[in-house]
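One structure below.
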Amino acid sequence: MRTWQVERRKRTRHLIELGGLVVKAGIVELTGDDRVMILGAMLWVADKLNSDQGEYARELWAEKGKQAFTADGKDETPAVSRVQHDQA
């Protein structure tokens, strides 16, 4: 398989996993699958992370995410999430 194909598959898998998180959080149902509203909410989150309260938000949201994964029977957050958070 060519390098670009491998990279494209990695990207596709990553995007599918992120979409799964949106569904898992209940956002699709809560917004009636309104893509404009979902994007607006995500932009609000990005603004929050870029604000002077960004570090607090990261810590709070990471803890809530860990609790959600634990409640679903998983022992810890996915490795990809930990790596991305550590790089932030």
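The values are calculated or read from the model by the stated rules, or taken from the named source; none is laboratory data. The structure displayed is predicted, hence computed values, not measured ones. In this analysis, Cβ positions are derived from the backbone assuming ideal geometry, glycine residues included, and neighbour counts consider all displayed protein chains.
A compact table of results
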quantity	calculated
Per-region count, the stretch 24-39, residues outside any loop (DSSP other than H, G, I, E, B) and either surrounded by 12 or more Cβ atoms within 10 Å (Cβ to Cβ) or modelled with pLDDT under 95 (or both)	7
Members of the stretch 46-65 found to be assigned to a helix (DSSP H, G or I), loosely packed, with under 14 Cβ neighbours inside 10 Å and of a type in the set (Gly, Ala, Ser), listed by number	ALA46
Contacts under 9 angstrom Cβ, first residue in the stretch 1-19 being part of a helix (DSSP H, G or I), partner surrounded by fewer than 10 Cβ atoms within 10 Å (Cβ to Cβ) and among the charged types (D, E, K, R), 6 or more apart	none
Hits in the stretch 27-78 (condition: of a type in the set (Ser, Thr, Tyr) and more than 23 Å from ARG13 (Cα to Cα))	THR31, SER51, TYR56
